[in-house]
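Take a look at the structure below.
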Amino acid sequence: MYNVKKLPKKLKVISDCCPSIKKGGKFINPWPSSKSQSKKKHFFETYLRFITRRSFRKQPEEKFVKVDVDLKSLNEYSQNQNDVALQVTWLGHAATFLQINGFNILFDPLLSFRASPFPFIGPYRYRKRGFKSFSDLPQIDILIISHNHYDHLDKKTIKEMLEEEKNKQIHIFCPLGIKKWFLKHFNLENKQITEGDWWDDFEIIKNKTISEKQKIQVSFVPAQHSSRRGLFDCNKSLWGGWVIKSDDASFYFAGDTGYRAIPENCSNNERLKYPYCPLFTQIGKIYGPFDYACIPIGPSNNTNIVTPMHVDPTDAINIHKEIYSHHSIPIHWGTVANFSTIEITHDPQKLRQSMKNSGLPLEEFDVAYIGEIYRLNKKDTLKVKVNKQLQ
Ligand SMILES: [Zn+2]
Ligand SMILES: [Zn+2]
């Protein structure tokens, strides 16, 4: 049903794009920005406190942001696709639903209860997903996975999705080293799964009608992060973000990423002393600008532990700027309990304050509720293109 081909390597300047690197069988983050700035003893003390709190924290109340998935609009997209260039919906945590050039694409769906190898312990989703079953959603053409952490690669959700008859032809894009997990756990054909290395570009085509084909480009880009599901597989599979492009829209999904490792209680001026990850400038240069981007903003507490692998709202705004995003949607916050020890309002408030400090209009990067739909109409993209030519 889908035709996938790897595109020839574009003329990317090697200093502009860092290839994935394996050392001793493990992938690494090749940037100084991923090195923890915490003193070892202090790091382990705080880490112990951090994971203990994570395990015993009470379920927060469902408040602050609503859950309201507009299933009618998601399903009507197939009739409106001649007018709509792109439609994107956040489903909580990193789960994101993108509709572009006739394709329905689901990213990192953690849409079951618990993000853990065990059914009774570990981080869990405390906010609803906004739909009853996958039969309520349109057919999923593509599943895209950023890395194998439990809060991004959820076996239960994928099982539920594949049980739905209309989703059985799905195509899956995942990082190097994850294909075998899919083949082991699900009744999928080898050709249904494409693994990506950093900076790989793919083209995927589907038949809209017998004579009309639809096409998008799917590219795998780096992130400053890690991978692990068990005791012995640390960093054995790759991690990264994804870029999706059609003729009239572009989208970036950052997945899970750090930007620069900073110590605890670091002021905005002080953080400038620490190295930052150069890859977002590279992504912006090669694939930008983007109409929409999903960028993580949390967790933003215990900075000395989390910042080598995660980004806080202040640095998320740097990513927004460096990739040339017209509009960014914060992800990786407000959905999973025990994942972070802070109030649900903490990361969004910090984002708004940082946007204010940066002098950017809040509409460029503001909090969405679960199910909120962002739409880019084709006539709007035409307007932008015409204006650009006039300049
Ligand atoms: Zn992760
Ligand atoms: Zn995560």
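All of the numbers you see were taken from the coordinates with simple rules; none came from a lab. Every value quoted in this text rests on a predicted model; they were computed, and no experiment measured them. Glycine also receives a Cβ, built like all others from the backbone with ideal geometry; neighbour counts cover every protein chain displayed.
As a calculated quantity, the FRET efficiency between Leu382 and Ser211 at R0 = 30 Å, using C-beta atoms, amounts to about 0.75. Using the Karplus relation 6.51 cos²θ - 1.76 cosθ + 1.60 with θ = phi - 60°, the per-residue 3J(HN,Hα) values for the range 116-132 come to 7, x, 10, x, 10, 9, x, x, 9, 7, 9, 10, 5, 9, x, 8, 7 Hz, with x marking Gly and Pro. Computed over the chain, the per-residue total of -39500 (n - 2.57) for DSSP H runs of n ≥ 4 gives a 222 nm mean residue ellipticity of -7000 deg cm²/dmol, rounded to 500. Gain on full extension, evaluated as 0.36 nm per residue between Lys356 and Lys166 minus their Cα-Cα distance, stands at 63.9 nm. Between the range 87-159 and the range 295-374, the alpha-carbon centres lie 19 Å apart.
Normalised radius of gyration (Cα atoms, divided by 2.2 N^0.38 Å) for the range 143-195: 1.03. Peptides 243-251, 362-370, 103-111 ordered by packing proxy, namely the average of other Cβ atoms within 10 Å per residue, highest first: 103-111, 243-251, 362-370. Between Tyr369 and Leu71, the modelled labels are 1.8 nm apart [label points 7 Å from Cα along Cα→Cβ]. Put in order of Cβ neighbour count within 10 Å, fewest first, the listed residues Cys17, Cys234, Cys277 become Cys234, Cys17, Cys277.
The length gained by stretching the chain between Lys22 and Asn265 to full extension, at 0.36 nm per residue less their Cα-Cα distance, is 84.2 nm. Extent of the chain along its three principal axes (Cα atoms, max minus min coordinate, largest first): 65, 54, 46 Å. A Förster radius of 51 Å, combined with the Cβ-Cβ distance separating His327 from Phe120, puts the computed FRET efficiency at roughly 0.80. The stretch between Lys128 and Lys35 holds 29.9 nm of extra length on full extension. This uses 0.36 nm per residue minus the Cα-Cα distance.
Placing R0 at 30 angstrom, the Cβ-Cβ distance between Ser135 and Met1 gives a FRET efficiency of 0.95 after rounding to 0.05. For the chain, the relative contact order is 22 percent, taking Cα pairs closer than 8 Å that sit 6 or more residues apart in sequence and dividing their mean separation by the residue count. Under the combined filter of DSSP loop state and at most 10 neighbouring Cβ atoms within 10 Å, the range 189-244 retains these chymotrypsin sites (Phe, Trp or Tyr not before Pro): Phe232. Ranked by the mean number of other Cβ atoms within 10 Å of their residues, highest first, the peptides 255-263, 154-162, 301-309 fall in the order 255-263, 301-309, 154-162.
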